[in-house]
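Every read-out reported here was derived from the displayed coordinates using simple, explicitly stated rules and does not represent laboratory data. Bear in mind the structure is a predicted one, so any value in this text is a computation, not a measurement.
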Amino acid sequence: MLKKAIVSMLLLSVSCFSHAGLISADFRTESHLPTYSQSGAKTYQNLAAEIGGGAELKNKHLLANPANWGGGVVWMDFDPLSSILTLTSKDNWDFETFDAWMSNILFSEPGESILGFSLLSNNLVTNGIQPVLSYTANSLHIAYSSVPVFNFTGGQATFLVQTGIAQVPSTVPEPASLAIFGLALLGLGIGRRVSRR
């Protein structure tokens, strides 16, 4: 109960500056066992996917499977109303690495960008492995890694994506500029006094 209340408060506070104005993005996942094969990861990809209306990345988006790995099917779904990205594993096969990306994100507002990215819940893989998260102004990366292997759980992991327009800090005048401005004001004041006489 307390955990739900905290998550609700977090979502409410974030919604004050979160626009969630994502229009489209490139979605990609890679599942791999590099110790056992160097031929490459099992890869799913959906480029310029429109945001909303269900999972943006799913089974039909298989791009490559050079090592013929089984499993590794993870759907990606971004909900623009809550700004939550959900990863859902569709199997429980074992892997050593799993990466998920949202990149080339297009926003509805000029100047909008990603301001924060955090984990909400984590039941995607076994062994208690925590994902490593990183982001730029228009991309996200989630990385799970473990040797020995982890298994997908058939469960989910959810992530809060904070978006908005970054505040540009106001410029502070240099001391020399302030001194010149002060002298100009002093000169104007003296000039006014002289002209009154």
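Below is a table of values for the structure above.
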read-out	value
Whole-Hz couplings from phi, Karplus 6.51/-1.76/1.60, listed for segment 69-81; x for Gly and Pro	5, x, x, x, 8, 10, 7, 10, 9, 9, 9, x, 6
Potential extension, Glu50-Thr126 segment - 0.36 nm per residue separation minus Cα distance	24.3 nm
In order through segment 144-153: 3J(HN,Hα) via Karplus (6.51 cos²θ - 1.76 cosθ + 1.60), integer Hz, x for Gly, Pro	10, 8, 7, 10, x, 5, 10, 10, 5, 9
Other-chain or far-sequence residues with amide H under 5 Å of Trp93's (modelled H)	Gly72, Phe152
